[in-house]
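Heads up, the thing below is written out as structure tokens.
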Amino acid sequence: MTFDETEFDAFLEDITEPFLTADITQWAARMRLPFTLITQTGPVTLRTPQEVKANFEHYLLAMKAMQANLIVREKIGFEPCEDGTVIATYRSNFLRNGVRIRDPYTASALLHFDDGQWRMSSILNALGHHLWTGKHPNLSGEEE
């Protein structure tokens, strides 16, 4: 399957909307386990659906702490790799009532085509929730 601008738009929608609706379904459907978040404080690997759910709930707490009510993700670009994967890079903006509440940040997702859709196995430069929740996950995704 070819990754194109339409696929990129759908991917960004599916990784954004769940944090605004508190519905993990789209987010989890776009993951390939094990899933690794590479944050500034180190990697976090989620191996089970239960770990994905716990981590997602921490991000919802961070959204609540920031009082964010809108996430805008801007496409920067994507690069198809020789092995059939794609590296998709995007910038995230978090807003409260139309006002940016933190500096934007850029991240890249490593995507694989599995079961009819593009799923991410990792995000490089993921924004960790621990800045707002105080719950820093260990390498396994469990809290310290």
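Quick notes on this one:
- Gain on full extension, evaluated as 0.36 nm per residue between L33 and A54 minus their Cα-Cα distance, stands at 6.1 nm.
- Label sites at I71 and T6, each approximated as a point 7 angstrom past Cα along Cα to Cβ, lie 2.5 nm apart.
- Correct option for percent of Cα pairs over 20 Å apart [calculated from the coordinates] among [x] 70; [y] 56; [z] 45: [z]
- F113 versus Q40: modelled label distance in nm, points set 7 Å from Cα along the beta carbon direction: 3.7 nm
- Pairs of Cα atoms nearer than 8 Å and 6+ residues apart set the relative contact order; for segment 5-133 it is 26 percent.
- For segment 27-42, 3J(HN,Hα) computed residue by residue from phi via the Karplus equation (6.51, -1.76, 1.60; θ = phi - 60°) reads 4, 5, 5, 8, 9, 10, 7, x, 10, 10, 9, 9, 10, 5, 9, x Hz, glycine and proline entered as x.
- Cβ-based charge dipole, the chain, positive-most Cα from M66, M1, N93: M66
Bear in mind these aren't lab numbers, they're just calculated from the coordinates by the rules spelled out. Given the structure is predicted, the values throughout are model-derived calculations rather than measurements. So basically every Cβ, Gly included, is an ideal-geometry build from the backbone, and we count neighbours across all protein chains shown.
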